[in-house]
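A.B. asks: Take a look at the following structure, please.
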Amino acid sequence: MAKKLYYKIGEACKMLDIQPYVLRYWETEFSALRPSKSKSGQRVYSEKDIQVIGRVKELLYDEGFTIAGAKKKLEAELAESADGGDWQNERDEIRDRVTKLTADLEALL
């Protein structure tokens, strides 16, 4: 799949080999998973969101963490990452850009 600015839930799930209902559940459990929504209300995922989802999948499926354990581990990793505590701000900025670009794209169609 070609790199895009954002991905719909079906595209994200296909890339990561998970079901949409699983991803929607993870969004309720992991605060780092808060996708933007398009003007029509459809979830859209940035590349950063895809990376976080992939890490959640690794923690749960490959490393055998429970949901609670994976939450703690993911939060610790995100806090230690290169952008430190700014990951939420970066995510919000990306979400805003995606939402604006999505609206612009929908206006063109």
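The values are calculated or read from the model by the stated rules, or taken from the named source; none is laboratory data. These figures come from a predicted structure and were not determined experimentally. Ideal geometry is used to build each Cβ from the backbone, glycine not excepted, and the neighbour counts take in all protein chains shown. Only protein heavy atoms, including side chains, enter the accessible area calculation; ligands, DNA and RNA are left aside. Shrake-Rupley method; radii C 1.70, N 1.55, O 1.52, S 1.80 Å.
A.B. asks: For the chain, what is the convex hull (Cα atoms) projected area averaged across all directions, in square nanometres? Could the numbers behind the result be given before it?
C.D. replies: Working: hull surface 28.2 nm².
If I average the Cα hull's projected area over directions, I get 7.1 nm².
A.B. asks: Do the sum for the chain: with -39,500 (n - 2.57) for every DSSP H run of n ≥ 4, divided by all residues, what is the mean residue ellipticity at 222 nm, to the nearest 500 deg cm²/dmol? Could you put the intermediate results ahead of the total?
C.D. replies: Working: 5 runs with 65 residues, N = 109.
Result for the chain: -19000 deg cm²/dmol, rounded to the nearest 500.
A.B. asks: Read phi for every residue in segment 51-63 and hand back ³J(HN,Hα) as whole Hz from Karplus 6.51 cos²θ - 1.76 cosθ + 1.60, θ = phi - 60°, with x for Gly and Pro.
C.D. replies: 5, 5, 4, x, 5, 4, 4, 4, 4, 7, 8, 8, 9
A.B. asks: Might you tell me the accessible area per residue for the chain, computed with a 1.4 Å probe and given in Å²?
C.D. replies: Values: 6670 Å² over 109 residues.
Result: 61 Å² per residue.
A.B. asks: Something else now. From the residues Phe30, Ile18, Val56, which one has its Cα farthest along the dipole of the chain in the positive direction, the dipole being from +1 and -1 charges on Cβ of Lys/Arg and Asp/Glu about the Cα centre?
C.D. replies: Ile18
A.B. asks: From the phi of every residue in segment 99-109, what ³J(HN,Hα) in whole Hz does the Karplus formula 6.51 cos²θ - 1.76 cosθ + 1.60 yield, where θ is phi - 60° and glycine or proline is x?
C.D. replies: Along segment 99-109, the couplings run 4, 5, 5, 5, 4, 4, 5, 5, 5, 6, 7 Hz.
A.B. asks: In whole percent, and with a 1.4 Å probe on the protein chains, what portion of the accessible area of the chain is carbon and sulfur? Each step should come with its number before you reach the end.
C.D. replies: Details: 3480 of 6670 Å².
Carbon-and-sulfur percentage of accessible area, whole number: 52.
A.B. asks: Over the chain, calculate the relative contact order: mean separation of alpha carbon pairs under 8 Å at least 6 apart, over the residue count, as a percent. Can you show the working numbers first?
C.D. replies: Numbers: 84 pairs, mean separation 31.3, N = 109.
Relative contact order, the chain: 29 percent.
A.B. asks: Please compare each pair in Lys4/Lys71; Lys48/Lys71; Lys3/Lys100; Lys37/Lys73; Lys14/Lys57; Lys4/Lys39 to a cut-off of 21 Å on the Cα-Cα distance and tell me which ones are over it. Don't jump to the answer; show the numbers that get you there.
C.D. replies: Numbers: Lys4/Lys71 27 Å; Lys48/Lys71 17 Å; Lys3/Lys100 19 Å; Lys37/Lys73 27 Å; Lys14/Lys57 13 Å; Lys4/Lys39 18 Å.
In this structure, Lys4/Lys71; Lys37/Lys73 lie more than 21 Å apart at Cα.
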